[in-house]
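Only one structure is covered here, and it is reproduced in the block below.
The values are calculated or read from the model by the stated rules, or taken from the named source; none is laboratory data. Keep in mind it's a predicted model, so treat the numbers as computed, not measured. Quick reminder, even Gly has a Cβ in these numbers, built from the backbone with ideal geometry, and neighbours come from all protein chains shown. Note: accessible area is taken over every heavy atom of the protein model, side chains too, but ligands, DNA and RNA are not part of it. Shrake-Rupley method; radii C 1.70, N 1.55, O 1.52, S 1.80 Å.
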Amino acid sequence: MKILKSLLFVITCILPAALNAQVITSFDLDNGMQVVVIEDHRAPVVTHMAWYKVGSADEQAGKSGIAHFLEHLMFKGTNTMAPGEFSKIIAENGGQENAFTSYDYTGYFQKVSADRLPMMMQLEADRMKNLILSEEEVLPERDVVIEERNSRTESNPGALLSEQRRAMQYFNHRYGIPVIGWKHEISQLTQKDAIDFYKKYYAPNNAILIVAGDTTPEEVRSLATVHYGKLSPSTNLPERIRTQEPPHLAPMRIEMKDARVRQPQLVRTYLAENRKSGDQKEAAALEMLAQLLGGSGLTSYLGQELQLTQKIAVSVSSFYDGLALDKDVFGVFMLPAPTTAPQEAELALDAALEAFMETEIDEAHLTRLKTLAKASEIYARDSLSGQARRYGQALTSGLTIEDVQAWPDVLQSVTSADVMAAAKKVLNKNNSVTAWLLPKAES
């Protein structure tokens, strides 16, 4: 314990200077593309990321999965590159690359030697405007996406339950529709759907370029102007207007039984506020609530109460992210002990949550959690892609660079009163979905 206290003291002393040491530069090209440069000269490498402010929650009704489908198709050919050549060039130059789709964004990245940055910009700018989507390439890739869904979702009871739970949590917002899409809608996606989506959203004024690593703002500005600056902006980019959730008037629940399940598990989620630009205080309180309630293992409130004291659960945790354009979720997860019936475990969880509302927060524990949160900000900077991803997620979710930079201080400013106010607001069962995954006897 003495060693831990000494370590936390050292971290507390050195982290403020480290947090302020990072240099972030941002500017816009004439065509509306935002460019962010994160300087890090510790190694001669860079991470190059192109983020688009479009995700599955921006899809047209009935076309679920089109954002993720197009992510796959972006690795096909252009006017100057054959299908698959993009990835081949990256590999031949010793780089790594990948892409990802979420509810609010789609991103593409390459990690390469710093002297290969001009090549990355040339390649990414090329496919931003010159992608060729022939029917011969589109339809087989649609089968690949369906197979991906089969392997990751259809064969995974937990993933299937998660889809059902989100559909009940968001019954009017498109956060309730899986990013990969519903299988019956994926199978109906066409070449025209892909081309229309590409032309509608893939434009420099709907993109953010983030470069992290051994470079300078002057170099990035010069290269970005040459490669991305020549691309014409979209003149009919739609506003990001989405249907929102109406008031939830009653708690909802779902029970799914599957013969592949050996141990019952519970996930309960509540509608929660997201991080808001210029006002992240409530989100910060929710983040600290998640850590206090179940995010710090056996030292958390639920860990001590349900695992150590009552021995009702073998595992319990809570979670919250907040990086979303619209309302997010606050969640609790529990694996009951083998000797505990699911109903008994749920009643114990409800009682523990109610008791937490009447409990004084351990100020020393809250201080320790704040220190660890501060430390994680520094450790995250060891990863160039992690740094770039943090800013990309925030900027495509409605936040600003200033919001990202302010977040550590906002977390540090959270008080016990803030945490309890956030708890009383978010832990409202009318805004909740309780989902059980249960074993099913094989017939």
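Listed values, structure above:
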{"quantity": "Radius of gyration and maximum dimension Dmax of the chain, Cα, Å", "calculated": "23.4, 68"}
{"quantity": "Net length gained if the chain between T400 and K440 were fully extended (0.36 nm per residue, minus Cα distance)", "calculated": "9.6 nm"}
{"quantity": "Accessible surface, per residue, of the chain when the full set of protein chains is kept, probe 1.4 Å, Å²", "calculated": "45"}
{"quantity": "For the chain, with +1 on Lys and Arg beta carbons and -1 on Asp and Glu, the positive-most of A373, L325, M252 along the dipole", "calculated": "M252"}
{"quantity": "Ellipticity estimate at 222 nm from DSSP helix runs (n ≥ 4, -39,500 (n - 2.57)) divided over the chain, nearest 500", "calculated": "-12500 deg cm²/dmol"}
{"quantity": "Dipole of region 35-82 [Lys/Arg +1, Asp/Glu -1 at C-beta], most positive-end residue of N79, V45, S56", "calculated": "N79"}
{"quantity": "From the C-alpha gyration tensor of region 134-276, square roots of 5λ in Å", "calculated": "37, 22, 18"}
{"quantity": "At R0 = 25 Å, FRET efficiency that the Cβ-Cβ distance of K311 and K257 yields, to 0.05", "calculated": "0.50"}
{"quantity": "Cα-based Kirkwood hydrodynamic radius, region 304-400, one decimal, Å", "calculated": "16.5"}
{"quantity": "Stretch gain in nm, segment T339-R242, where the contour uses 0.36 nm per residue and the Cα spacing is subtracted", "calculated": "30.4 nm"}
{"quantity": "Where the Cα pairs of region 21-106 fall when distances are cut into 10 Å bins, in %", "calculated": "13, 32, 39, 15, 2"}
{"quantity": "Dipole of the chain, positive end: most advanced residue of N428, H184, T309 [Cβ charges, Cα centre]", "calculated": "T309"}
{"quantity": "Rounded to the nearest 20 debye, dipole of the chain from Cβ charges on Lys, Arg, Asp, Glu", "calculated": "460"}
{"quantity": "FRET efficiency for K230 and D362, using Cβ-Cβ distance with R0 set to 56 Å, rounded to 0.05", "calculated": "0.45"}
{"quantity": "FRET efficiency, Q164 to D350 (Cβ-Cβ, R0 22 Å, nearest 0.05)", "calculated": "0.55"}
{"quantity": "Rounded tilt (10° steps) of 281-290 against the dominant C-alpha axis of the chain", "calculated": "60"}
{"quantity": "Accessible-area composition of the chain, carbon plus sulfur, in percent [1.4 Å probe]", "calculated": "53"}
{"quantity": "For region 241-311, alpha-carbon Rg over 2.2 N^0.38 Å", "calculated": "1.51"}
{"quantity": "Under the Karplus curve 6.51 cos²θ - 1.76 cosθ + 1.60, θ = phi - 60°, whole-Hz ³J(HN,Hα) for region 157-166, x wherever Gly or Pro sits", "calculated": "x, x, 5, 5, 5, 4, 4, 5, 5, 5"}
{"quantity": "Projected area, mean over directions - region 223-380, Cα convex hull, nm²", "calculated": "15.6"}
{"quantity": "Cα long-axis angle, helix 342-357 against the chain (0 to 90 degrees, to the nearest 10)", "calculated": "90"}
